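Single-structure report; data block below.
The values are calculated or read from the model by the stated rules, or taken from the named source; none is laboratory data. Just so you know, these numbers come straight off a predicted model, no measurement behind them. Ideal geometry is used to build each Cβ from the backbone, glycine not excepted, and the neighbour counts take in all protein chains shown. Side chains included, ligands, DNA and RNA excluded: accessible areas come from the protein's heavy atoms. Shrake-Rupley method; radii C 1.70, N 1.55, O 1.52, S 1.80 Å.
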Amino acid sequence: LKPAKSANTRMSVFNMSDLKSYVAGDGPNLQGMNLAESTVVLRCSHSNLRARVPELRLDLHMSILKVKEKLYSHFGTSIGSMKLILKNDEGASVAEMDDDSKMLGYYSPQMGWGIHCIDTDPSSITAAGQLENVSLVKKYEMSDEDYDKLPNTYRKHKQEMLAKDPTWTYQKELARRRGEPIPPPRDEKDDDYMEDLAEDIKVGQRCEVNPGGRRGEVKFVGKVPELHPGFWVGVAFDEPQGKNDGSAKGHRYFECGPGYGGFLRPNCVTTGDFPELDDFNLSDDDGEI
């Protein structure tokens, strides 16, 4: 004999049917979005920001003050500095929602309409694109004096090794660690020094500089008479990890901010898919001026 279905089983089947209808968006005027009758979806924009909120679900019973609180979490404008303009689906202004005590439904917004938030504070953090333009954000810079105080840095290691062996180079140390033959001394007096490596590096390529793992963009490839003979690669780093502003002894080779530029030998530069990193690692590298 097959056991009879319990009331709980029948109820589960009934509930699953209701759940399916809810998820699929069945029912009048829900547009497949499973919205309550008092919910409206609005587009939101800001006077100082390019960023948009394409779909913000709001309840018609919310006060305008509550709407401003939600917009604050998206845009960063203080509630007291917000001026809200309701716009229709064609972008035309319908009403200024200037009474914080009134409900959103009082202004009769429709699905697909928008709210434009105007920031009235001239000193707001959103002014002049400060929240979006990272070039306006002051980068952390460490002085040489502070860097010299740090323990276990590449600069200190380099100084210690050169004190023991004046011919020491990072390449020689790598070869020793790997058990490989020590490379012969580099002849940097050759005017075509490292030309073969420079041929594969193009201006505009993203790159990583080693040792140190610093990333940036190739801005120059060629000879720099102000430096040693041979070929150099000019790199504009993503962070202030360089030693110049794209110039060498007063002659400019490319544009970048102070401390963002560096001239490196081609063997220190690897080109490829190297996106910007959130953090950075300061170092003093052999083969860089």
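Things to note:
- Under 21 Å from the Cα of Lys149 - lysines, other chains or at least 8 residues apart: Lys139, Lys158, Lys243
- Within the range 193-234: Cβ-based charge dipole about Cα centre, in debye rounded to nearest 20 (Lys, Arg +1; Asp, Glu -1): 260 debye
- Karplus-derived HN-Hα couplings along the range 55-63 (A = 6.51, B = -1.76, C = 1.60, θ = phi - 60°), whole Hz, x at Gly and Pro: 9, 10, 7, 10, 9, 4, 8, 6, 6
- Whole-angstrom Cα spans of the range 48-93 along principal axes, big to small: 28, 27, 18
- Positive-end extreme of charge dipole, the range 147-223 - chosen from His157, Met194, Val218 (charges on Cβ): His157
- Only protein heavy atoms count here; on that basis, with a 1.4 Å probe, Asp144 has an accessible area of about 90 Å².
- The 1.4 Å probe gives accessible areas that order Thr271, Thr167, largest first, as Thr167, Thr271.
- Of the GluC sites (Glu not before Pro) found in the range 62-99, those that fall in a DSSP loop while having at most 15 other beta-carbon atoms within 10 Å are Glu90.
- In the context of the full protein assembly, Arg252 retains an accessible surface of approximately 100 Å², using a probe radius of 1.4 Å and ignoring ligands and nucleic acids.
- Residue-count net charge about Glu217 - beta-carbon cut-off 15 Å; Lys, Arg +1, Asp, Glu -1: -2
- Residues His116, His251, sorted by accessible area with the largest first, give His251, His116 [1.4 Å probe; ligands and nucleic acids excluded].
- Whole-percent carbon and sulfur share, accessible surface of the range 152-230, 1.4 Å: 51 percent
- The HN-Hα couplings worked out from phi for the range 40-47 by the Karplus form 6.51 cos²θ - 1.76 cosθ + 1.60 (θ = phi - 60°) are 10, 9, 10, 8, 10, 10, 9, 5 Hz, whole numbers, x standing for Gly and Pro.
- When you filter the GluC sites (Glu not before Pro) in the range 172-260 for DSSP loop state and at most 15 other Cβ atoms inside 10 Å of their Cβ, you are left with Glu188, Glu199, Glu226, Glu255.
- For the range 149-268, the dipole from Cβ point charges (+1 on Lys and Arg, -1 on Asp and Glu) about the Cα centre works out to 660 debye, to the nearest 20.
- The Cβ shell under 11 Å around Val53 holds other residues with a net charge of +3, Lys and Arg each +1, Asp and Glu each -1.
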